[in-house]
1. Counting just the residues of the stretch C:28-64 that are buried (at least 20 other Cβ atoms within 10 Å of the Cβ) and of a type in the set (D, E, K, R), which one comes out nearest to the other protein chains (Cβ to nearest Cβ)?
2. Which one of the conditions (1) of a type in the set (A, V, I, L, M, F, W, C); (2) surrounded by fewer than 20 Cβ atoms within 10 Å (Cβ to Cβ); (3) touching a residue at least 24 places away in the same chain (Cβ under 8 Å) does C:Ala82 fail to meet, given that it meets all the rest?
3. Please determine whether any residue of the stretch A:18-27 is more than 12 Å from chain B (Cβ to nearest Cβ) and either of a type in the set (A, V, I, L, M) or within 22 Å of D:Val100 (Cα to Cα) (or both).
4. Given the condition touching a Cys at 6+ places or on another chain (Cβ under 9 Å) and at the interface with chain B (Cβ under 8 Å from one of its Cβ atoms), answer yes or no: does some residue in the stretch A:79-100 qualify?
5. Please count how many residues of the stretch D:94-110 are within 13 Å of D:Val64 (Cβ to Cβ) and of a type in the set (Ser, Thr, Tyr).
6. Out of A:Gly38, A:Gly65, A:Gly29, which single residue is more than 24 Å from B:Gly118 (Cβ to Cβ) and touching an Asp or Glu at 6+ places or on another chain (Cβ under 9 Å)?
7. Filter the stretch B:107-124 for residues that are facing another protein chain (nearest Cβ under 7 Å), of a type in the set (Gly, Ala, Ser) and within 13 Å of the chain's Cα centre (by Cα) and give the result.
8. Give A:Tyr60, A:Tyr50 a once-over and let me know the one that is out of contact with any helix residue (DSSP H, G or I) (no Cβ under 8 Å at 6 or more places or on another chain) and touching a residue at least 24 places away in the same chain (Cβ under 8 Å).
There are 4 protein chains.
Amino acid sequence: MADVGALVWVVPGGHIPFPGHGPEPQFTGFDELCVLNGTDSEAELELDVYYEDVDPVGPYRILVGGRRIRHVRVNDLIDPEAIRLDRPYGLVLRSPVPVVVQFLRQDTRLPGVVALTGTMAYPV
Amino acid sequence: MADVGALVWVVPGGHIPFPGHGPEPQFTGFDELCVLNGTDSEAELELDVYYEDVDPVGPYRILVGGRRIRHVRVNDLIDPEAIRLDRPYGLVLRSPVPVVVQFLRQDTRLPGVVALTGTMAYPV
Amino acid sequence: MADVGALVWVVPGGHIPFPGHGPEPQFTGFDELCVLNGTDSEAELELDVYYEDVDPVGPYRILVGGRRIRHVRVNDLIDPEAIRLDRPYGLVLRSPVPVVVQFLRQDTRLPGVVALTGTMAYPV
Amino acid sequence: MADVGALVWVVPGGHIPFPGHGPEPQFTGFDELCVLNGTDSEAELELDVYYEDVDPVGPYRILVGGRRIRHVRVNDLIDPEAIRLDRPYGLVLRSPVPVVVQFLRQDTRLPGVVALTGTMAYPV
């Protein structure tokens, strides 16, 4: 299996939509990081969260097995501290092995409506 | 005609929306791979599907003619096994000739609503 | 003014949504190419359209002034032939000077709903 | 903290949706630039706005602290002149230090509907 990707990925445009409408967890509003680890090694990724008005918070840790993907809702990151909803943030993700990272948002702030957006994260 | 693109492409954020609402096949929920093959040679692409909790499954095979595009719904990939709906996955696509790959999602889980998202896949 | 961008750009995932609902032209369904030409020279871009089952058609020509942007709906390209609605296609764009190209889709197939998606085109 | 990103970023596909519906400012229609500055230095970014039919306007200035993000609605840029709503434009952003830039659009032209799209900006 080839090693594919980069070691550092950046997402400047984080902002978890709040509140959400509809059955949980499918229609909860979220920002999500989608990681593919094509190597044979389990990887512990470190994630720093950047804000507009305070120093970065981190590292958050995300474990992704070898030859596995993992989709992590940013809403679910709570250690070292919960990421506040409805507040602008950005992310820098570091991995010990090459990975590929995609960013996805689901917005259900309006009842009966779902909006999606996303992009590949920026590889450094 | 120039050869444009890369030989390996990655999409970490797969997740076929389910269920869908509205007339099929136009409003079926789907994840889609859009491939452009600018070379003169027909290309048989090999696709491996990565999951969170089991080993990758593949190769799936996608044929794209020379100087042709092909849009393939991930929902329609059934050999070696159907890709389950509503389950996180990622993709690694390999081509014998340079191609360009775009990823698109259509979400019709809510009646009377369509949501779209997509991104260029990540070239290795 | 710096020259920014690339000479060749690719969009594999074209598909003009049809039909549309709502006042035209704001709510017409469309695929759109957004080009920024940061150079001092007017540029005549050549666009080839790729299909699943027939040879590419082109070149279509798009004029973008120096130090100008231009947003062109693919729906409006009619010479050498109109691009059919609701049919998968891909694009290869060539420019004599460096430009940057973004792709945008507006989907109004459902009355009272607008869905958007887009991505930077792929630079060669 | 590592320096991550590029010094020049381009967004060809600007177009602020107008009018908007729903409570402001959450549901105002907008185009947004999301900047992550991972360096230790405050950065004053210069932004030039390109149009289809007139010379570029700028520089607009955006201040982003060291180890900070900033999300700026294009709607809010007023000096040297307000950016008109519902008019196609493009952006070239220059930074004295490496940054990463993401583009996001929120479209609320239809009452009770929100549509999102976005992409990483193009790094030069």
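1. Step by step, filter the stretch C:28-64, then rank; the result is C:Glu32.
2. (3)
3. Looking through the stretch A:18-27, none of the residues is more than 12 Å from chain B (Cβ to nearest Cβ) and either of a type in the set (A, V, I, L, M) or within 22 Å of D:Val100 (Cα to Cα) (or both).
4. Taking the stretch A:79-100 first, the residues touching a Cys at 6+ places or on another chain (Cβ under 9 Å) are A:88, A:90, A:100.
Restricting the remaining residues to those that are at the interface with chain B (Cβ under 8 Å from one of its Cβ atoms) gives A:100.
Looking for residues that are touching a Cys at 6+ places or on another chain (Cβ under 9 Å) and at the interface with chain B (Cβ under 8 Å from one of its Cβ atoms), one finds at least one in the stretch A:79-100, hence yes.
5. 1
6. Selected residue: A:Gly65, the only one of A:Gly38, A:Gly65, A:Gly29 that is more than 24 Å from B:Gly118 (Cβ to Cβ) and touching an Asp or Glu at 6+ places or on another chain (Cβ under 9 Å).
7. B:Gly118
8. Working: A:Tyr60 fails: touching a residue at least 24 places away in the same chain (Cβ under 8 Å).
Of the residues listed, the single one that is out of contact with any helix residue (DSSP H, G or I) (no Cβ under 8 Å at 6 or more places or on another chain) and touching a residue at least 24 places away in the same chain (Cβ under 8 Å) is A:Tyr50.
None of the figures in this text is laboratory data; all of them are computed from the coordinates on show. What you are looking at is a predicted structure, and each value in this text was computed from that prediction instead of being measured. Here the Cβ is made from the backbone with ideal geometry for all residues, glycine too, and neighbour counts use every protein chain on show.
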